[in-house]
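Engineer: Here it is, the structure, as structure tokens.
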Amino acid sequence: MKKNWKSLHWMGIACALLLCAQGRAFAQTEVTGYWKFSSPTTGLDYLQLKQTGEAVTSVGRRALTGTLHDGKLHLATGTDANATTYDAVVKGDKFPATRVTHDGPWGGTDTGTLERVTNEEIHPTRLPLPDLRDLPDNGLVRTPPMGWNSWNKFHDRFDDATVRGMADAMVSSGMAKAGYTYIIVDEGWSSGRDANGKITGNARFPDMKALADYVHSKGLKIGIYSSPGPQVCGGYQGSYGHEEEDAQTFADWGYDYLKYDWCSAGGIYQSTWADLEGAYQKMGEALEKTRRPIVYSLCEYGAGDVWKWGAKAGGNLWRTTGDIADNWASMSRIGFAQPDIASNAQAGHWNDPDMLEVGNGGMTADEYRTHMSLWAMLRAPLIAGNDLRTMTEETKSILTNPDIIAIDQDLEAKPVQLLSREGTSEVLVRPLTGNAVAIGLFNRGDKPAEISFQWDSIHLFDNLGFGMRPPTVRDLWKHQEIPATGDTFTATVPPHGVVMLQTINGGRRR
Ligand code: GLA
């Protein structure tokens, strides 16, 4: 009996331990599901987690892996020292968490909250889109917009002071004088919505109106960034379901330009022409309703042949490609593919092959001259993406070359054309006002190349007629006039480089 009691006693303890272990297993929150990391500094970040045993991974865009062990959650984007990490003691559905990033000057420890959210918060139900119609032309940007945007250099790691500094530098460096006007705040400024549903800046952007006032006080214009989806690409607040309200807020704050990036809209709408156009038209209508002149920049990477309907949706410019990177392969792949769609650009409605990387350090000076020349030949928006406060004289001379900018901004509406392509040599030609012609001799190869064209082939573009040739051409990088002798023009073009010419108005018989 005694023995029995004893064994019962031990059985009881064993049972209690088992229950306790089970209890603990149950107490450890299962983290599978949707989570929102919010911090006053960086705003929101959504995570979709999947837990298997103690292993936790993230589903979707951000590849995080980690563990949930003894209630401690640790997630990381990789194993190297530069991985972004999340750490938290999981307790219920809302608890403090820290995120550590190593991303440029803003890397550091960010203390915030992890909170469980519903699928609907991340992927809300689809709201109706307007019936498609042609929006009236807002009359803005009759020549391609010129400015600066934060993304290429800073990603979302920048603040109000960075933007003010860039406005100062735009003026002091001579960029403003050269024609650069818009200072565009890309992803990273928004936080969430206040109790009235009004979009708010995060701790790095405490007063978006004051920022606009400052930029205006420098004689410049200012741009802002949002998305037709609930979040922009990096998780900050977007405009879904608040389009009219946000357009009005941007107008009230004094913004002159909106870049509207598809991002999470892909989780709600289809990537069909109708949905894309409808979603962009919705914001186009909202901007129109504010009656403030706001340049409307569509950013959906060229989906649904945006160049065929972007103007109808109210767009002043539309991205024609995925994101540019600061290297020759990316820039040249994008740039040399653009002449095919060049005829879709018209005054006030521009193809946008993405922002400039000039001065960011990933290309040689010759490659950056090619970048700038190609964008000018395409009549592309010239939106610098470097740190204007610290640029070298060489970078400045590339970005502010008045002859190249004049080609970009020329009012003649005829598109660029490919005159010849032989191996890695391409000659692009564009008619300019006053019967002049811009000619770009591009060497895509990695050795110097002799590139030629015949004067008679140019007369298809300048209305001067056969048998005529301009007395001189101007070399737009050497800033020299060159006599146009003979039937053929030949130049030696450096690897990945360019010779840019412009015929001087008028001609004489040969
Ligand atoms: C997309 C856009 C970029 C930039 C980032 C911000 O990738 O194409 O230009 O705005 O989003 O996340």
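Engineer: Under a no-solvent Debye model with one identical scatterer per Cα of the range 256-315, what's log10 I(q)/I(0) at q = 0.16, 0.20, 0.30 Å⁻¹?
Structural biologist: Each listed q maps to, in turn, -0.44, -0.69, -1.38.
Engineer: Could you derive backbone 3J(HN,Hα) for the range 142-147 from the dihedral phi with the Karplus parameters 6.51, -1.76 and 1.60 (θ = phi - 60°), listing whole Hz in sequence and x where the residue is Gly or Pro?
Structural biologist: With the stated coefficients, the range 142-147 comes to 5, 10, x, x, 10, x Hz.
Engineer: In what sequence, highest mean first, do 206-215, 127-136 appear when ranked by Cβ atoms within 10 angstrom?
Structural biologist: Per-residue mean Cβ counts within 10 Å order the peptides as 206-215, 127-136.
Engineer: Okay, moving on. Using only C-alpha atoms and all pairs of different ones, pull out the Kirkwood radius for the range 202-330 in Å with one decimal. Provide the component values of the computation, followed by the final result.
Structural biologist: Values: mean 1/r = 0.0660 Å⁻¹.
Computed over the range 202-330, the radius equals 15.1 Å.
Engineer: From the gyration tensor of the Cα coordinates in the range 118-162, what semi-axes in whole Å does the equivalent ellipsoid have, largest first, with each one equal to sqrt(5λ)? Don't skip to the answer; put the middle values down first.
Structural biologist: Working: eigenvalues 181, 148, 11 Å².
Equivalent ellipsoid semi-axes, largest first: 30, 27, 8 Å.
Engineer: Follow-up. Please say if the range 217-269 is rounded, prolate or oblate, where rounded means a/c under 1.5 for a ≥ b ≥ c the square roots of the C-alpha gyration tensor eigenvalues, and otherwise the choice is prolate for a/b larger than b/c and oblate otherwise?
Structural biologist: Numbers: a/c = 3.12, a/b = 1.95, b/c = 1.60.
Cα axes put the range 217-269 in the prolate bin.
Engineer: Tell me, what % of the accessible area of the chain is carbon and sulfur with a 1.4 angstrom probe? Each step should come with its number before you reach the end.
Structural biologist: Details: 11560 of 21750 Å².
So the carbon and sulfur contribution to the accessible surface is 53 percent.
Engineer: Would you mind telling me the antiparallel percentage of the DSSP bridges in the chain, rounded to 5? Mind dumping the intermediate values first?
Structural biologist: Working: 78 of 101 bridges.
Roughly 75 percent of the DSSP beta bridges within the chain come out antiparallel.
Engineer: How many angstrom separate the Cα center of the range 437-460 from the Cα center of the range 165-215?
Structural biologist: Going from one Cα centre to the other spans 41 Å.
Engineer: Let me ask something else about it. Over the Cα atoms of the range 294-354, what radius of gyration and what Dmax do you get, in Å?
Structural biologist: So, for the range 294-354, Rg and Dmax equal 11.3, 34 Å respectively.
Engineer: Between Arg333 and Gln409, what is the label-to-label distance in nm when each label sits 7 Å out along the Cα-to-Cβ direction?
Structural biologist: 3.3
Engineer: May I ask you to list, by number, the DSSP H helices of the chain whose Cα span along the axis is at least 27 Å and whose average Kyte-Doolittle hydropathy reaches -0.5 or more?
Structural biologist: Working: long enough: 2-27 (36 Å, 0.33).
Membrane-span-like by this rule: 2-27.
Engineer: Another one. Sorted from largest down, give the three principal axis spans of the alpha carbons of the chain, whole angstrom values.
Structural biologist: 126, 51, 42
Engineer: Anything over 26 Å Cα to Cα? Flag those among Lys198/Lys259; Lys177/Lys198; Lys221/Lys308; Lys153/Lys308; Lys94/Lys209; Lys94/Lys282, in the order listed.
Structural biologist: Violating the 26 Å Cα-Cα cut-off are Lys177/Lys198; Lys221/Lys308; Lys153/Lys308; Lys94/Lys209; Lys94/Lys282.
Engineer: Note down the Stokes-Einstein diffusion coefficient of the range 338-452 in µm²/s, whole number, using a Kirkwood radius over alpha carbon pairs, 25 °C, and 0.890 mPa s. Don't skip to the answer; put the middle values down first.
Structural biologist: Details: Rh = 14.9 Å.
For these conditions, the coefficient is 165 µm²/s.
Engineer: By the scheme Lys and Arg +1, Asp and Glu -1, what is the net charge of all other residues having a beta-carbon under 13 Å from that of Ile199? Intermediate values should be presented prior to the final figure.
Structural biologist: Numbers: positive: Arg193, Lys198, Lys209; negative: Asp194, Glu243, Glu244, Glu245, Asp246, Asp252.
Overall, the nearby charge balance is -3.
Engineer: Give me Rg/Rg_expected for the range 53-209, where Rg uses Cα atoms only and Rg_expected = 2.2 N^0.38 Å with N residues.
Structural biologist: Working: Rg = 20.8 Å, N = 157, 2.2 N^0.38 = 15.0 Å.
Working it through for the range 53-209, the quotient is 1.38.
Engineer: Give me the base-10 log of I(q)/I(0) for the range 259-393 at each q in 0.14 Å⁻¹, Debye formula, one uniform scatterer per Cα, rounded to two decimals.
Structural biologist: Once normalised to I(0) and log-transformed, intensities are -0.66.
Engineer: Quickly work out the Lys478-to-Thr290 label distance, labels modelled 7 Å from Cα along the C-beta direction, and quote it in nm with one decimal.
Structural biologist: 4.8
The values are calculated or read from the model by the stated rules, or taken from the named source; none is laboratory data. Note that the coordinates shown come from a computational prediction; the quantities given were computed from them, not determined experimentally. For neighbour counting, all protein chains shown are included, and Cβ atoms are generated from backbone atoms with ideal geometry for every residue, glycine included. Accessible surface areas use protein heavy atoms only, side chains included; no ligands, DNA or RNA. Shrake-Rupley method; radii C 1.70, N 1.55, O 1.52, S 1.80 Å.
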